[in-house]
Amino acid sequence: VGCIPSKALLSVSEKYAQASHDFEGLGIEVGSPKVNLKKMMAHKDKVVAANTQGISFLFKKNKVDHLIGLGTITGPNTIEISGKEKKTVTAKNIVIATGSESTPLNGVPVDEKQIVSSTGSLVLDKVPATMAVIGGGVIGLELGSVWMRLGSKVTVIEYMDRLLPGSDLEVSKEMKKIMTKQGMELKLSTKVTGAQVSKDKVTLTLEPANGGPAEKLEVENVLLSIGRRPYTTGLGLEKAGVKVDNRGRVEIDDHFQTNVKGIYAIGDVVRGAMLAHKAEDEGVVCAEIIAGQSGHINYDAIPSVVYTFPEVATIGKTEEQLKEAGVEYRSGKFPFLANGRARAMAATDGFVKILADAKTDRVLGCHIVGPEAGTLIAEIALAMEFGASSEDIARTCHAHPTLNETVKEAALAVDGRPIHI
């Protein structure tokens with residue numbers, strides 16, 4: 001209901017957009033392509049089924065019992081499962097990994113038909129003529145892009161004064177420019193105060209974030225994507241004595257242990273970035289610790305990706321965070337426009353920016369807007385995990401012609417010596 005189905009639709013809709021707008025300029029004449037949404041959704045469902053069946057196979061292969069139902073913790077070592085049949089399971093250790101759910105917004109009731117969450121937006125049975133996306137974060141831009149490419153007029157409403165709040169400011173500015181160029185209407189510094197649903201439309205009431213006259217926006221569908229919150233409904237935390245913080249997250253120590261001995265928690269339900277790969281790493285390390293081994297996660301080296309086109313990938317600190325912390329740093333930036341492979345692909349929007357410690361040259365962060373940014377960031381993640389300097393990256397031989405050369409050039413730019421600009 002998240003990562004995989006959304007990427008399936010993002011990939012397919014991107015191909016459709018290229019066929020509709022870009023192929024002719026590359027010498028490929030295909031006429032006017034048509035959207036077959038039913039087939040598109042069938043492809044998405046097939047991909048999801050293959051993934052989930054793969055997990056079931058791995059459970060069997062590794063002799064893991066898979067019990068389906070609502071699990072409620074009734075004691076330090078006991079879980080009651082209610083589903084098709086009731087069952088009580090006891091275990092020496094319990095790991096809470098229940099993830100997150102879409103955050104609601106007062107006055108905007110989600111019915112998963114006209115007003116949808118990210119889950120409902122993945123199963124719409126037709127392309128809406130108009131769509132309002134409440135929230136200009138990762139999910140809003142990704143799913144907004146899907147429906148915009150397929151023909152919907154998309155308006156993104158964001159309370160903050162920038163897209164992707166919390167990201168590096170240059171990334172936000174670049175994405176505002178790119179999304180606008182692609183046809184997305186942006187209403188920044190705007191809040192939604194209500195939604196009126198009728199048979200064939202939703203009327204949103206909007207106001208400036210800092211106060212001012214209200215306006216109305218009529219659309220066919222609304223996507224609510226203002227963030228996610230820990231999913232703990234029916235888990236029995238209070239009865240089990242497990243502490244949660246003021247944001248509903250399960251409190252843990254540095255070894256994922258809650259305040260109740262034998263109960264651990266990982267992923268979206270605990271502090272930190274709500275990312276599947278962060279949760280996966282935590283799951284591995286938590287299992288190692290329970291097994292008596294030692295494990296560690298470098299939270300400064302966890303990448304984050306926005307799967308729009310172009311993609312956005314970030315890791316480590318932003319310039320704003322370094323300035324606020326008083327850290328002396330140097331910045332190196334290189335545009336995709338100056339990269340031969342990006343030109344050959346006709347994908348020249350964006351840049352790579354590397355931030356390094358001014359004294360030690362150790363890489364502190366990297367921010368990429370551009371084609372395949374989510375893949376390119378892996379090189380930086382590995383570099384940061386090994387404590388590399390920007391010079392280490394700059395002196396590593398990169399194949400030509402590749403998009404990865406932009407990373408090398410940005411590393412060279414930290415020292416003021418890029419070759420191709």
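Every number here is computed from the coordinates shown, using simple stated rules; none is lab data. Keep in mind it's a predicted model, so treat the numbers as computed, not measured. Neighbour counts are summed over all protein chains in view; Cβ atoms, including those assigned to glycine, are modelled from backbone coordinates with ideal geometry.
Each peptide in 362-369, 312-319 gets a packing score, the mean of other Cβ atoms within 10 Å over its residues, and the list from highest to lowest is 362-369, 312-319.
Rounded if a/c is under 1.5, else prolate if a/b is larger than b/c, else oblate: which is region 199-354, with a ≥ b ≥ c the root eigenvalues of its Cα gyration tensor?
Numbers: a/c = 2.07, a/b = 1.20, b/c = 1.73.
Verdict is oblate for region 199-354.
Packing here is the average count of other Cβ atoms within 10 Å per residue, and on that basis the peptides 23-29, 212-218, highest first, run 212-218, 23-29. The per residue volume of the convex hull around the alpha-carbon atoms of region 1-73 is 131 Å³. Rounded to whole numbers, the Karplus 3J(HN,Hα) couplings from phi for region 337-347 are 4, 9, 9, x, 5, 5, 5, 5, 8, 6, 9 Hz, using 6.51 cos²θ - 1.76 cosθ + 1.60 with θ = phi - 60°, and x at Gly and Pro.
One quarter of the surface of the convex hull around the alpha-carbon atoms of the chain equals 24.1 nm², the direction-averaged projected area.
Entry note, the chain: the mean residue ellipticity at 222 nm calculated from DSSP H runs of n ≥ 4, each adding -39500 (n - 2.57), is -9000 deg cm²/dmol after division by the residues and rounding to the nearest 500.
Around the amide H of Y264, modelled in the peptide plane, lie the amide H atoms of I94, V95, I96, T258, all under 5 Å away and 5 or more residues distant in sequence or on another chain.
Here the chain carries DSSP beta bridges of which approximately 75% are antiparallel, counting only pairs with both residues inside.
Going highest first, how would you order 220-233, 266-279 by mean Cβ packing within 10 Å?
Details: 220-233: 20.9, 266-279: 18.7.
Result, highest mean first: 220-233, 266-279.
A Förster distance of 30 Å, applied to the separation of the beta-carbon atoms of A50 and T375, puts the FRET efficiency at 0.90.
Across the chain, Cα pairs under 8 Å and at least six residues apart give a relative contact order of 13 percent. Near the amide H of R228, within less than 5 Å, lie the amide hydrogens of T103, all on another chain or at least 5 residues away, with H placed in the peptide plane. Taking amide H atoms as placed 1.01 Å from N in the peptide plane, the amide H of I302 lies under 5 Å from those of G316, each 5 or more residues away in sequence or on another chain.
Kindly work out what percent of the DSSP beta bridges joining two residues of region 65-164 are antiparallel, to the nearest 5. Walk me through the numbers on the way to the answer.
Details: 10 of 15 bridges.
Within region 65-164, antiparallel bridges account for around 65 percent of the total.
Compared with the direct C-alpha span, the chain from N298 to T203 gains 29.7 nm at full extension, assuming 0.36 nm per residue.
So if R0 is 45 Å, what FRET efficiency would E14 and T90 give, r being the distance between their Cβ atoms, rounded to the nearest 0.05? If you can, show how the numbers build up before the last one.
Details: r = 48 Å, r/R0 = 1.08.
Working from the Cβ atoms, E equals 0.40.
Using the Karplus relation 6.51 cos²θ - 1.76 cosθ + 1.60 with θ = phi - 60°, the per-residue 3J(HN,Hα) values for region 191-206 come to 10, 9, 9, x, 9, 10, 9, 10, 4, 10, 7, 10, 9, 8, 9, 10 Hz, with x marking Gly and Pro.
By its C-alpha gyration tensor, with a ≥ b ≥ c as the square roots of the eigenvalues, how is region 124-270 shaped: rounded for a/c under 1.5, else prolate for a/b larger than b/c, else oblate? It would help to have the intermediate numbers written out before the result.
Details: a/c = 2.23, a/b = 1.89, b/c = 1.18.
In terms of gyration-tensor shape, prolate.
For labels at V35 and K239 in the simple 7 Å Cα→Cβ model, what's the distance in nm? The two pseudo-label positions are separated by 4.6 nm. Just need log10 I(q)/I(0) for region 86-138 at q = 0.23, 0.28, 0.31, 0.32 Å⁻¹, Debye formula, equal scatterers on the alpha-carbon atoms, no solvent, rounded to two decimals. Values returned for q = 0.23, 0.28, 0.31, 0.32 Å⁻¹ are -1.01, -1.35, -1.47, -1.48. Is the shape of region 153-207 best called rounded, prolate or oblate, per the rule: a/c under 1.5 gives rounded, else a/b larger than b/c gives prolate, else oblate, with a ≥ b ≥ c the square roots of the Cα gyration tensor eigenvalues? Oblate is the answer for region 153-207, as a/c is 1.5 or above yet b/c matches or exceeds a/b.
One chain, two ends: D65 and T348. Fully extended at 0.36 nm per residue, the span grows by 97.0 nm beyond their Cα-Cα distance.
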